Amino acid sequence: MTAAVIGLSVVVAALTVLVAGLLRSHATILRRLHELDPAGSDARSPAGFPAQVGGPDFRTFPGIPAPSGGPAPLPDPVPGAPAADLSGVTPTGESVLVRTTGMTTDTVAVFLSSGCSTCQRFFTDLADRRLSLPPRTRVVIVTKGPEEESPSAILEVAPPGVDLVMSSRAWTDFRVPGSPYVVAVDGRSGRVKGEGTGPSWEQVSRLLARATGDLGYLTPGTGTEHRHRPTGDLDREARVDRELLAAGVLPGDDSLYPDGGRPGAAS
Amino acid sequence: MIPLSAQGISLQLPAGWEGRIGLRTVAGPAAAARSAAARSAAAEPTSPPSARGRSALAAAAAPAPLSGENDGIGGRLFPVTHAGNFALPPDRGDFGSGAVDVMGESGVLMALVEYGDECVGTALFDHPRPVPRVAEFAPDTLQRRISGQLGYQRFFTEAGRAFCLYVVVGSIRFAPTLLTGTRTVLSHTTIGPRR
């Protein structure tokens, strides 16, 4: 008899735990449903249950297209901080506006300074023409403005063919804690998709690959190689001049005017 | 709109546009070449733009050095403004070489290139600032032909300064939309005295 009572007590206790678990699960489900359709809970039926108002609130997660005419997608569950455009000058005095937002191109802003020894390695690394980047991604070196940084010192270490903006405001906008520091911005969303620091570009590129899930930062050939553009018009003019001079063709040479018309003749 | 200002030139760039205003140091012979090319074109205003300045060295054969310019060694500084609705690469020629190559068919590049004082008042530059229209774009106006792209080149004088406005659109399909953006940028561009 005693054994039966003990056995039944154990069964009742187990069932009690089971029912409590089911009730808790049910409450969780109701809470999540309430979160999905908060408007429906405002108009309550007399019995206290949420009344259905209109159709179900159907929303999709970011990156999944919503049905046409449907409501807006759910907000990004972990949105990056909004990025800022880079406005400043170059060490040679050019006025520059580099857009990081509202562009189809992503931007990797590398915040460096001339006085930081670790930054010297970044300047060297970024000069490497074989530097790999994902498609539609560019690197922009950002130093503090001329009021806080020496343009001539930057000019000495700045790698050729890489965008460089001197802007103290950019350091403030991106809340850069110190140099070196790297921020990857998604051009379309205009939000930061990864940031951090490291002792070299190699380390930082691993960090960026993890943050963005893009192997283009790591494997040469999978992404777009960082290429320097060909020489500009003036370089080409100078090269043509040098080659013509080397070939003995001097200014005014008849061979330069096959049609016989000299540009200076009419003026 | 974000402002961009230097060398007495001010732009307001709408969303998606970026820009640079720089000074290009032009070596002596090349400086002479550029100004002489423009000057020779000014002497022959009916010649098509693509026929001008075919060879820098040929143009450099202009007889006399230009006033205020070093005699072939010191060089001279010319403001060059670039604005576009795409990521401008760091290495660009005055007329967008290096940039138009990566522009894409929905891209537009605007270059505002200043010439020397000797060009002010010449026949070629003696016009007000132009407003580009789609019908005025042509593939043979490009410095270097790129499939699908169309170019536009006009010379003008403003605030006592001689300029060339050079615009390249990525394709005729997007040209009307791209020119709307370009005209917006131009209407928000002011040119004052050189500083």
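Readers should treat all values here as calculations from the given coordinates under stated rules, not as data from a laboratory. What you see is a predicted model; the values in this text were computed from it and never measured. Glycine gets a Cβ as well: all are built from the backbone with ideal geometry, and neighbour counts include every protein chain shown.
What number do you get for the stretch B:117-195 when its Cα radius of gyration is normalised by 2.2 N^0.38 Å, N = residues? Present the calculation step by step, with values, prior to reporting the outcome.
Details: Rg = 13.7 Å, N = 79, 2.2 N^0.38 = 11.6 Å.
So the Cα radius of gyration is 1.18 times the expected 2.2 N^0.38 Å.
Would you mind giving the mean number of other chain beta-carbons within 10 Å of the Cβ of each residue in A:102-108, as a whole number? Mind dumping the intermediate values first?
On the way: counts 6, 7, 7, 5, 1, 1, 0.
What the average comes to for A:102-108 is 4.
Shielding of B:150-156 by partners, i.e. mean partner chain Cβ atoms within 10 Å per residue? List each step's numbers first, then the result.
Working: counts 0, 0, 0, 0, 0, 0, 0.
Mean partner-chain Cβ count within 10 Å for B:150-156: 0.
Between A:Ala13 and B:Thr190, with labels modelled 7 Å along Cα→Cβ, what's the label distance in nm to one decimal, could you check?
A separation of 8.6 nm, rounded to one decimal place.
Note down the net charge around B:Arg183, summing +1 for each Lys or Arg and -1 for each Asp or Glu among other residues with Cβ under 14 Å from its Cβ. Don't skip to the end; give the middle numbers.
On the way: positive: B:Arg129, B:Arg133, B:Arg154; negative: B:Glu136.
Cβ neighbours under 14 Å give a net charge of +2.
Calculate the mean, over all residues of peptide A:88-95, of how many other protein chain Cβ atoms lie within 10 angstrom of the residue's Cβ.
5
Run through the DSSP bridge list for the stretch A:86-225 and note the antiparallel percent, rounded to the nearest 5.
On the way: 17 of 27 bridges.
If I count the DSSP bridges inside the stretch A:86-225, around 65 percent turn out antiparallel.
For the stretch A:86-225, what's the radius of gyration and Dmax over Cα atoms, in angstrom?
Using the Cα atoms of the stretch A:86-225, the pair Rg, Dmax is 13.8, 40 Å.
Have a look at A:Leu131, A:Leu164, A:Ser117 and report the one farthest towards the positive end of the charge dipole of the stretch A:86-225, computed about the Cα centre with Cβ charges (Lys/Arg +1, Asp/Glu -1).
Checking the options against the dipole of the stretch A:86-225, the answer is A:Leu131.
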